[in-house]
Amino acid sequence: MSRSIPRRIVALLAVLLAALALTAIALAAPAPPASPQVPAASAAPKPTVLSGPDRARLAQSDILIDSAEVQGTSFKEGIGRVLIPAPLDRVERAVADVAHYEEFMPFLKSSTATPQADGSILSRQWLELPPPINARRYYAIFHLARPTATTYSVTWASRPGGEIRNQRGSFTLETLDEQTLVTCHFFL
């Protein structure tokens with residue numbers, strides 16, 4: 001299996017991880033309220049509804065970045081979208097290969113993948129972020145799911161034992177115009 005990743009997914013991840021690097025103050029601040037348990041991603045996600053201008057921007061290789069309020073907190077969740085000119089199954093193979101994330105994820109130096117009895121994957125990851133954050137190690141549990149023939153999802157949440165608390169996120173992949181729309185939600 002080829003490990004080459006389309007440049008646009010790398011760019012999307014770089015933008016989102018750069019946003020992580022800018023949250024050094026949040027790392028030093030008191031932890032936000034406990035995040036809800038990340039579900040096993042078994043339900044089919046609702047299809048993304050894109051405006052005409054957003055569709056046009058994606059078609060021109062733009063990355064859409066937005067944020068949403070996290071209910072009950074003062075925090076926001078980052079949302080990034082990119083259109084990958086590759087079929088869903090190729091992009092699925094990349095985001096499902098947790099053990100090799102360091103090959104294309106900016107700032108990630110290593111990642112392990114240990115299958116769990118419930119079908120999830122426990123991963124220990126080592127990030128080398130720019131100062132003032134620097135190196136961070138954390139554990140995360142990943143859930144992979146293919147709820148429909150045209151969608152795929154990966155959800156993750158940090159676990160005790162690492163230096164990053166209450167981090168969670170997801171990738172949702174959808175077929176759009178014979179390409180793959182990748183939506184990444186990221187909360188720290």
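The values are calculated or read from the model by the stated rules, or taken from the named source; none is laboratory data. Predicted model, so just to flag it, every value in this text is computed and none were measured. So basically every Cβ, Gly included, is an ideal-geometry build from the backbone, and we count neighbours across all protein chains shown.
Only one residue in VAL82, VAL70 is under 22 Å from THR151 (Cα atoms), in contact (Cβ under 8 Å) with a residue 24 or more places away in the chain and either of a type outside the set (Ser, Thr, Tyr) or in contact with a Lys or Arg (Cβ under 9 Å, 6 or more places away or on another chain) (or both), so which one is that?
Answer to the check: VAL82.
Please identify the pairs in which a residue from segment 155-168 that is over 18 Å from ASN134 (Cα atoms) has its Cβ atom under 8 Å from the Cβ atom of a residue that is in a loop (DSSP other than H, G, I, E, B) and among the hydroxyl-bearing types (Ser, Thr, Tyr), counting only partners at least 6 apart or on another chain.
Filtered contacts from segment 155-168: ALA157/SER35; ASN166/SER35; ARG168/SER35.
What's the number of the condition TYR138 fails, among (1) farther than 23 Å from ARG90 by Cβ; (2) of a type outside the set (Lys, Arg); (3) touching a Phe, Trp or Tyr at 6+ places or on another chain (Cβ under 8 Å); (4) surrounded by 17 or more Cβ atoms within 10 Å (Cβ to Cβ)?
(3)
Of all residues in segment 175-188, how many are surrounded by fewer than 22 Cβ atoms within 10 Å (Cβ to Cβ), more than 18 Å from TYR138 (Cβ to Cβ) and touching a strand residue (DSSP E or B) at 6+ places or on another chain (Cβ under 9 Å)?
Summing the residues that are surrounded by fewer than 22 Cβ atoms within 10 Å (Cβ to Cβ), more than 18 Å from TYR138 (Cβ to Cβ) and touching a strand residue (DSSP E or B) at 6+ places or on another chain (Cβ under 9 Å) in segment 175-188 gives 5.
Which one of SER153, SER170, SER123, SER158 is touching a Pro at 6+ places or on another chain (Cβ under 8 Å), buried (at least 18 other Cβ atoms within 10 Å of the Cβ) and assigned to a strand (DSSP E or B)?
Unique residue meeting the criteria: SER153.
With SER67, SER61 as the choices, which residue is surrounded by 11 or more Cβ atoms within 10 Å (Cβ to Cβ), at pLDDT 55 or above, farther than 18 Å from GLU174 by Cα and out of contact with any Phe, Trp or Tyr (no Cβ under 7 Å at 6 or more places or on another chain)?
Sole residue among the options that is surrounded by 11 or more Cβ atoms within 10 Å (Cβ to Cβ), at pLDDT 55 or above, farther than 18 Å from GLU174 by Cα and out of contact with any Phe, Trp or Tyr (no Cβ under 7 Å at 6 or more places or on another chain): SER67.
Please find, among GLU92, GLU103, GLU128, the residue that is surrounded by fewer than 16 Cβ atoms within 10 Å (Cβ to Cβ), within 24 Å of THR180 (Cα to Cα) and modelled with pLDDT under 95.
Among GLU92, GLU103, GLU128, only GLU103 is surrounded by fewer than 16 Cβ atoms within 10 Å (Cβ to Cβ), within 24 Å of THR180 (Cα to Cα) and modelled with pLDDT under 95.
Conditions: (1) modelled with pLDDT under 95; (2) among the aliphatic types (A, V, I, L, M); (3) over 16 Å from the mean Cα position of the chain (by Cα). ALA117 meets all but one. Number of the miss?
Result: ALA117 fails condition (1) only.
Counting only residues that are on the phi > 0 side of the Ramachandran plot and either free of Cβ contacts under 8 Å to residues at least 12 places away in the same chain or in contact with a His (Cβ under 6 Å, 6 or more places away or on another chain) (or both), how many does segment 85-120 have?
Number of matching residues: 0.
Consider ARG55 against the criteria (1) more than 24 Å from THR150 (Cα to Cα); (2) at pLDDT 90 or above: it satisfies all of them except one. Which criterion is unmet?
(1)
Output yes when any residue across segment 73-87 is under 17 Å from the mean Cα position of the chain (by Cα), surrounded by 15 or more Cβ atoms within 10 Å (Cβ to Cβ), more than 19 Å from PHE187 (Cα to Cα) and not basic (Lys, Arg), and no when none is.
yes
Looking at (1) among the hydrophobic types (A, V, I, L, M, F, W, C); (2) within 30 Å of ALA56 (Cα to Cα); (3) modelled with pLDDT of 90 or more, find the lone condition where LEU122 falls short.
Result: LEU122 passes all but (2).
Please work out if THR155 is under 24 Å from ALA59 (Cα atoms) and in contact with a Ser or Thr (Cβ under 7 Å, 6 or more places away or on another chain).
no
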